[in-house]
Amino acid sequence: MSVFRTVCKTEKDKRTSVMKLGLYFKQAWYNIRFNRVYSTVFIIGTALSLSLVMAFLTVLSSRVVNTVPETHRDRMMVLRSVVEITEQTYFQSGVTPEFAEQFMAGGVPGVEVWSVACPGGFVVLESGEEEVTKVYGKYVDLDFWKVFDYDFIEGRAISQNGMMPNTAETVISESTSRSLFGRTDAVGETVYFGGYAMTVCGVVRDVPMSAATAFAGVWLPQSLSEDSGFSPSGLLGMGTLLILAEDRSDFGIIKEEITGRVSRYAEANGITMELKSFDSYRKSLFAWSELSSAAYTWLGIGVVLIILIVPLLNLSGMVGSRMEARLTEFGTRKSFGAGPRSIIAQIAGENLLMTIIGGVVGLLAAWLIIALFSRQLNSLVPGSFMDNISQMGEIPDSGFFDFRDFFKLWLYLALLGIILVLNLVSALIPAAKVIRRPITESLNYKK
């Protein structure tokens with residue numbers, strides 16, 4: 001019998017709790033509608049904080065996290081700049097394929113695959129139907145396609161035979177394919193470039209410019225490049241050496257081994273060579289910046305905290321004033337037997353409901369900000385590719401940042417959780433102070 005009573009009591013408590021929760025939310029919804037100005041300011045402040053932080057983090061993540069086609073950023077190394085000094089000359093530039101052959105031959109411990117990619121600038125392509133388009137091009141080798149994971153809509157990567165000038169093949173983006181042929185199924189079509197006839201062997205989805213190392217509108221065989229090196233050794237040119245390590249823990253071993261090989265070569269040939277910009281992919285983003293990777297990280301944290309905390313401080317002050325204004329209400333409820341826990345639960349319910357509404361509005365606002373201001377947001381990322389190519393006088397129409405590729409719902413929910421906790425704290429602290437006042441003082445309080 002006692003067990004039966006215990007079970008019944010438990011079930012009754014559960015029903016009571018559910019009823020109270022529903023009552024708290026009904027009261028919260030009534031108060032939100034009754035105090036429309038206060039509720040609107042609270043919701044907009046929450047939504048604005050969430051949307052701005054999410055837009056910033058989404059733009060940043062597009063440049064540093066693993067994403068198609070740069071799916072191995074966390075274990076990629078990049079050599080962008082080498083210095084070569086002789087008694088008469090000083091050169092600092094990128095590398096040529098010969099550089100890689102010279103110092104990567106025989107394999108390097110910890111290296112899975114390596115490739116040399118050379119920028120082609122804006123190139124003019126012509127189809128057999130005499131359609132002409134101007135796109136950003138990149139000269140690549142066979143192993144380039146092993147470093148990156150392009151999303152092929154049609155066809156495949158350039159083959160060994162396709163690397164030869166007389167049987168040249170090319171891979172184009174879907175935007176380039178539409179410009180030249182009006183469709184994306186262009187495999188087998190002929191494209192003319194610089195006096196060469198190339199067969200389209202593959203079409204890939206457009207690459208966002210935030211994936212700067214992989215971005216292009218057309219990928220050309222390296223044999224068509226005119227970059228034959230301009231330093232006395234012939235090892236310095238316009239290319240970038242891309243190294244995919246077996247594991248990120250191998251970065252130190254790889255750098256030490258290649259640096260040693262370069263030093264021995266330079267000593268044997270009576271010159272000085274130094275690897276100026278050789279680091280992990282993420283650190284290489286700051287090679288030409290005054291900020292280091294750590295400085296940018298702390299700057300980003302500071303921006304996030306400012307965007308989150310400043311509105312919350314204002315909201316906290318507004319909540320405190322609102323609690324003072326509701327002293328009479330709380331005093332009346334306490335005089336009819338309502339305990340502090342009941343009042344706190346009501347305030348928490350109001351805060352929770354407004355924060356959830358602000359979260360939904362902020363989600364929509366974040367999508368709109370990223371969609372409407374995509375070009376402006378591209379300039380916020382470190383080592384912005386748009387800044388580099390704009391110096392050439394052209395900016396591609398395709399390849400701009402797209403929130404659909406990088407927007408992470410779990411990250412937004414995590415931010416919403418943080419905001420919810422901060423909002424609850426900012427509301428409950430002044431509420432606790434107010435409801436501790438004597439009933440007589442609360443009832444006699446004048447606004």
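The values are calculated or read from the model by the stated rules, or taken from the named source; none is laboratory data. Every value quoted in this text rests on a predicted model; they were computed, and no experiment measured them. So basically every Cβ, Gly included, is an ideal-geometry build from the backbone, and we count neighbours across all protein chains shown. When the accessible area is computed, the model is the full protein with side chains, heavy atoms only, and any ligands, DNA or RNA have been set aside. Shrake-Rupley method; radii C 1.70, N 1.55, O 1.52, S 1.80 Å.
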* Structure fact -> From highest to lowest solvent-accessible area (probe 1.4 Å; ligands, DNA and RNA excluded), L420, L125 read L420, L125
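What is the extension gain from M164 to V68, computed as 0.36 nm multiplied by their sequence separation minus the C-alpha to C-alpha distance, in nm to one decimal?
31.8 nm
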* **Simple label model, 7 Å out from Cα along Cβ direction - L142 to E112, nm** => 2.0 nm
* Potential lengthening between I44 and I429 on full extension [0.36 nm per residue; Cα-Cα distance subtracted] -> 136.4 nm
* Label E126 and T259 with points 7 Å out from Cα along Cα→Cβ: what is the distance between them in nm? -> 5.0 nm
* To do: Any chance you could run the full-extension gain for E226 through Q88? It's 0.36 nm times the residue separation minus the Cα-Cα distance, nm to one decimal.
  => 47.2 nm
